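J.: The structure is given below, and queries will be raised subsequently.
Bear in mind these aren't lab numbers, they're just calculated from the coordinates by the rules spelled out. Quick caveat: nothing in here was measured; it's all calculated off a predicted structure. Neighbour counts run over all protein chains shown; Cβ positions are idealised from the backbone, glycine included.
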Amino acid sequence: MATVNDLVLVHIDNKPGFYARIEDIVPDVKPGWWQVRLLVLTVPLQVFTWILDESQLNGAPYTMGGTPVRLDKVVAPATPEQETAPAKPGPALVEKAVKQGGGAKVVSLAERKKKD
């Protein structure tokens, strides 16, 4: 189910229409329905509030004024580094490395900027 801060692709008339970020989801006065506030990623930015049920938030098609509409949650593709990178060490392993004098070097971006 798409939720707050998710990016969705809104299909209008069975064609990709626009991207939007879900800003808020609050219950509507009608049971089982939700007021979904969308930040539409166009120029200029726009904010829409649509009243949808849970199945529509899950990607089920519906119509608005006779026009087919569907929301698809956007999932970012994995980068090659994410696919091949080993799992990140847990807090206990990091703490042990720091105690042994190892660990990651901390680079201050503020200090680096002063040098330039």
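J.: Per Stokes-Einstein, at 20 °C and 1.002 mPa s, what whole-number D in µm² s⁻¹ belongs to region 7-73, with the Kirkwood radius over Cα pairs as the hydrodynamic radius?
T.: 177 µm²/s
J.: Continuing with this model, one more query. What residues have an amide H closer than 5 Å to that of Glu23, excluding those fewer than 5 places away on the same chain, when H is modeled at 1.01 Å from N in the peptide plane?
T.: Amide H to amide H, under 5 Å and 5 or more residues apart or across chains, Glu23 pairs with Asn5, Arg37, Leu38, Leu39.
J.: With +1 on each Lys and Arg Cβ and -1 on each Asp and Glu Cβ, how big is the dipole of region 7-73 about its Cα centre, in debye rounded to the nearest 20?
T.: Using Cβ point charges on Lys, Arg, Asp and Glu, region 7-73 gives about 140 debye.
J.: Amide H of Asp28: which non-local residues (sequence gap of 5 or more, or other chain) have their own amide H closer than 5 Å, using H built in the peptide plane?
T.: Trp33, Trp34, Gln35
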